[in-house]
Ligand SMILES: [Ca+2]
Ligand SMILES: [Ca+2]
Ligand SMILES: [Ca+2]
């Protein structure tokens, strides 16, 4: 990897190019606009693709891989968005899209994860994941017509949360033992939920909404990774509920976390314990869903990756020194660019600046992003019905990270297991 650079945008461009060459020789997907419709086609192997609209502009869509590689920005997407990722175990993450007409997503025989967050579809939304044990989730989606979700013969998790459709919603698991959940959603034309296996139909979940405009909301701060406890090794750390940066021209407060990573590894996180008081049940497995709103100046002039992570664990968090003298948490969060079983990576797009930002590359302004995250496996509450929620950032090189978490909304969907 490159070391910290202070020479600004040109070296950032060069090192992005280096990163791409290390990754793959050709883009691992095809994306093009035809007659105003965006068509994204994956490969027969495993695809991991993010489709979003980071600036919220009409007709704009960005397509890239989960690691922010091969970013391509399209304008003039005035009609449909159609995605076909084919076979393989695919991951598709759709965030903040504004689709004028129809949205159509297809995946094939593999074990697929498809999630749509904070997205608006003008007409019909149709998502089909076919065979394999698939996870399909819509969170905070608005559909102007019908919403059709269909998985195939595997044991699937289909979740629709905080979503509205003007027309009818069809949520169909087909064969296999599926978990079909519809939480806090309304459909003008009614809903049809069914499958051919012994499905669990879930209509209630535990929802925890925190808005840091109103204080810390019970969330605590922690730091980990690297040699020795971060606060003892010369890192500069700061945190607390603070007024938003003046340059943002927004009022109110956020939960501020700052770290000057003095080594090349720093995990800064918020955590909140939840339990039976919030409605959790002992030893119950939950699908863990986050909606995170935050303000940051990432990407900064330093070309270093920052990974946003989220998840949950049944255990109280504890730090310890590992065999190498590195300060670790008793939490399987993976390190830096790796996901763990309890905490995974939220594809954030943080590490890719839009091309037109290059013109103002001398400054990396604060901006606000909203991200939805569906953890890729259920987390089981402890035998006293407790879980610890965790949201954080893993930074991989020596540099500063400024973050204001604005809102964290969590939906814990009970899952039948066994
Ligand atoms: Ca594929
Ligand atoms: Ca599939
Ligand atoms: Ca099924």
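Just so it is clear, none of the values below were taken in a lab; they were calculated from the coordinates. Everything numeric here is computed off the predicted structure, so don't read it as measured data. A quick note on method: Cβ atoms are made from the backbone with ideal geometry, for glycine too, and the neighbour counts reach across all protein chains shown.
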key: In Å, descending, principal axis extents of the Cα set of segment 208-415   = 53, 41, 28
task = Quick one: divide the alpha-carbon radius of gyration of segment 104-253 by 2.2 N^0.38 Å and tell me what you get.
result = 1.40
request  = Provide, for q = 0.11 Å⁻¹, the log10 of I(q)/I(0) from a solvent-free Debye sum over equal Cα point scatterers in the chain.
outcome  = -0.83
message = Taking only the Cα atoms of segment 9-203, how large is their convex hull per residue, in Å³?
response = 105
inquiry  = Could you compute Rg(Cα) / (2.2 N^0.38 Å) for segment 193-323, with N its residue count?
reply    = 1.33
ask   = If contacts are Cα pairs under 8 angstrom and at least 6 residues apart, what is the relative contact order of segment 9-203 in percent?
value = 12
message = Need the full-extension length gain, residue 168 to residue 380, defined as separation in residues times 0.36 nm minus the C-alpha distance. One decimal, nm.
response = 73.0 nm
task = Could you rank the peptides 371-384, 256-269 by their average count of other C-beta atoms within 10 Å per residue, with the highest value first?
result = 256-269, 371-384
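Show that you can apply the helix-only estimate: for the chain, add -39,500 (n - 2.57) for every DSSP H stretch of four or more residues, divide by all residues, and state [θ] at 222 nm to the nearest 500.
Taking each H run of at least 4 residues, the total per residue is -1000 deg cm²/dmol.
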